[in-house]
Amino acid sequence: MKATIIKIAALLLALALLFTLAACGKTAEPASTADAPTAAPETTAAAETTEALQPTEPQTRTFTDSVGRTVELPAEIDKVALSGPLAQIVLFALCPDKLVGISNDWSSDAEEYLDPAYFNMPVIGQLYGGKGELNLETLLASGAQVVIDVGEPKGSIVEDLDALQEQTGIPFVHITAHTDTMGDTYRMLGELLNMPEEAEALAQYCDSTYARISQIAQSVEKAKILYITGDEGLNVIAQGSYHAEVIDLLSDNLAVVDEPSSKGTGNEVDVEQILIWNPDIILVAPDSVYATIGDDPLLQEVTAIKNGAFYEVPHGPYNWMGFPPSVQRFLGMLWMAKLLYPDAADYDLREEVTTYYKLFYHCDLTPEQYDALVANSIGK
């Protein structure tokens, strides 16, 4: 009996141990999904925090122009106004679709070279002199984000631009331009307008063309010339003036005066002075006296007239030698070097002019157009 009791007690103890081990090894049931917190709110909150900490794109930036003025500009510029015709020619090559208008009407013959959308842009006027003052009402209505002045800085340029900027609330910027540094002018404009690649293509053209023409000028005995303009042919573009940069580069410019004019009309002289200078070659401004200068009885003793060595500067859509003295003077360089020194200028002028019109006027020049442009300008 006692043994039986001992066996039963042992069995009960074994069962108790078995149930205890089973209870210890059992895993807890997972909480219902309804009770469990989701990770989504934490993820969303983290994303919102990260987004809030991300730096935003700047809305404005600063730019220092050629006369040292630091101007605040929009980060991106899509609408550009011009201060005058010189800037018009330079910037039409770079950003025609950003222009909100033109400073002056294109000449009537420009229509055959330009897309109608460009030819018919509104006229805003110009900052300094010329055919029309800057129309501030039209400028403000245009939505322009910047007004760009290009060229030779006037003595009052800083005060002028600061005053206009304060008056209109539109940034005004000056970029200096000379023929020998036109490449750098375009690079600076590329920085200003966030168009570095487009500007560099134009800059390289200017750099390489100027270098090539300069090399020609250094290799030849320079011709003695006068550049004559005006209704009576008694105005000359004087040596040392801004308008004479190309003339002085490629020739012995005989027009030496005490005070070279800064205007495109040049300095007025008399017939006696022209006879004293006695040029071998005369370049005649478009729409002046080309048709009559050869028959002028007062000039028959001038060497250029006696030899028939007078030529009309090509025009279309601008005077190739300047007036305004802008980037189209690279055409004048190419033409003048070929005219004066054909052996040294061993390039095809038609090809060079066609390239220029494509780059700077966005125009596919035809052979007929080229022939018309140089009709009175190459030989007789």
Taking Ala177, is it of a type in the set (Gly, Ala, Ser), closer than 22 Å to Val67 by Cα and either buried (at least 22 other Cβ atoms within 10 Å of the Cβ) or in the same structural domain as Arg329 (by TED's automatic domain parsing) (or both)?
yes
Would you check which residues across the stretch 184-205 are within 19 Å of Thr60 (Cβ to Cβ) and among the polar types (S, T, N, Q) and list them?
Asn194
Kindly indicate whether Leu139 is assigned to a helix (DSSP H, G or I), farther than 29 Å from Glu245 by Cα and over 15 Å from the mean Cα position of the chain (by Cα).
yes
Among the numbered conditions (1) under 12 Å from Leu234 (Cβ atoms); (2) among the β-branched types (Val, Ile, Thr); (3) in contact with a Pro (Cβ under 8 Å, 6 or more places away or on another chain), tell me where Thr303 comes up short.
(1)
Using beta carbons and a limit of 8 Å, which pairs, at least six apart or on different chains, have the first residue in the stretch 172-189 and over 20 Å from Gly322 (Cα atoms) and the second one buried (at least 23 other Cβ atoms within 10 Å of the Cβ) and small (Gly, Ala, Ser)?
Phe172/Ser83; Arg187/Ala199; Leu189/Ala199
Taking Leu99, is it crowded, with 20+ Cβ neighbours inside 10 Å and touching a residue at least 40 places away in the same chain (Cβ under 8 Å)?
no
Residues located in the stretch 77-96, provided they are modelled with pLDDT of 95 or more and part of a loop (DSSP other than H, G, I, E, B):
Ile77, Asp78, Lys79, Cys95
Selected residue [buried (at least 18 other Cβ atoms within 10 Å of the Cβ), under 27 Å from Leu226 (Cβ atoms) and not aromatic (Phe, Trp, Tyr)] from Ala372, Ala345
Ala345
Which of the residues spanning the stretch 102-126 are surrounded by 20 or more Cβ atoms within 10 Å (Cβ to Cβ) and farther than 25 Å from Ala201 by Cβ?
Ile124, Gly125, Gln126
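Checking the structure you have, find out if any residue of the stretch 305-321 is assigned to a helix (DSSP H, G or I) and surrounded by fewer than 21 Cβ atoms within 10 Å (Cβ to Cβ).
yes
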Test set (1) outside any loop (DSSP other than H, G, I, E, B); (2) free of Cβ contacts under 8 Å to residues at least 40 places away in the same chain - Pro342 fails condition number
(1)
Scan the stretch 112-128 and tell me whether some residue there is in contact (Cβ under 8 Å) with a residue 24 or more places away in the chain, within 19 Å of the chain's Cα centre (by Cα) and assigned to a strand (DSSP E or B).
yes
When the stretch 231-262 is examined, which residues are found to be touching a residue at least 40 places away in the same chain (Cβ under 8 Å) and surrounded by fewer than 16 Cβ atoms within 10 Å (Cβ to Cβ)?
Asp231, Glu232, Ser262
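The values are calculated or read from the model by the stated rules, or taken from the named source; none is laboratory data. Keep in mind that this is a model prediction, so the values were computed, not measured. Ideal geometry is used to build each Cβ from the backbone, glycine not excepted, and the neighbour counts take in all protein chains shown.
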